[in-house]
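Following: one structure in structure tokens, then a few remarks.
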Amino acid sequence: MARVLLNIPRSVRPGEVVAIRTLIQHGMETGYRPGADGEVLPRDIIRRFTATYDGAEIFAAELSPAIAANPFLSFTLVATVTGPLVLRWQGDNGFDQTETREITVAA
């Protein structure tokens, strides 16, 4: 399991625009770089990131070998209801990680 850093407020006001920031620790090998033995290292990247809020997809990104190691992603959402924010990273070699945080909307 990869280390994930999340910056997500736990409580917000109704209608507030909320910035979500994520960073996941992943080496992101492109599949083009030769190793110490001269052989090309196999590709190992995060290919897709999705975010759902209260069951609806609100953000998605398709990543490519050009993305940096330890990818940082940032996006906003409008807080309307109390509900779960589910973040999912999928990649090569069966990589699949999900993190869930509850966002509470209170006046």
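For the reader, a short list of remarks on this structure follows.
- Qualifying trypsin sites (Lys or Arg not before Pro) for segment 1-101 [loop in DSSP, other Cβ within 10 Å: at most 16]: Arg3, Arg10, Arg43
- Other-chain or far-sequence residues with amide H under 5 Å of Arg47's (modelled H): Gln90, Gly91, Asp92
- Length released on extending from Arg13 to Phe72, taking residue separation times 0.36 nm less the Cα-Cα span: 18.7 nm
- Which label in (i) 1.05; (ii) 1.26; (iii) 0.91 gives the computed Cα Rg over 2.2 N^0.38 Å: (ii)
Here, each number is a calculation from the coordinates, and none is a lab measurement. Keep in mind that this is a model prediction, so the values were computed, not measured. Quick reminder, even Gly has a Cβ in these numbers, built from the backbone with ideal geometry, and neighbours come from all protein chains shown.
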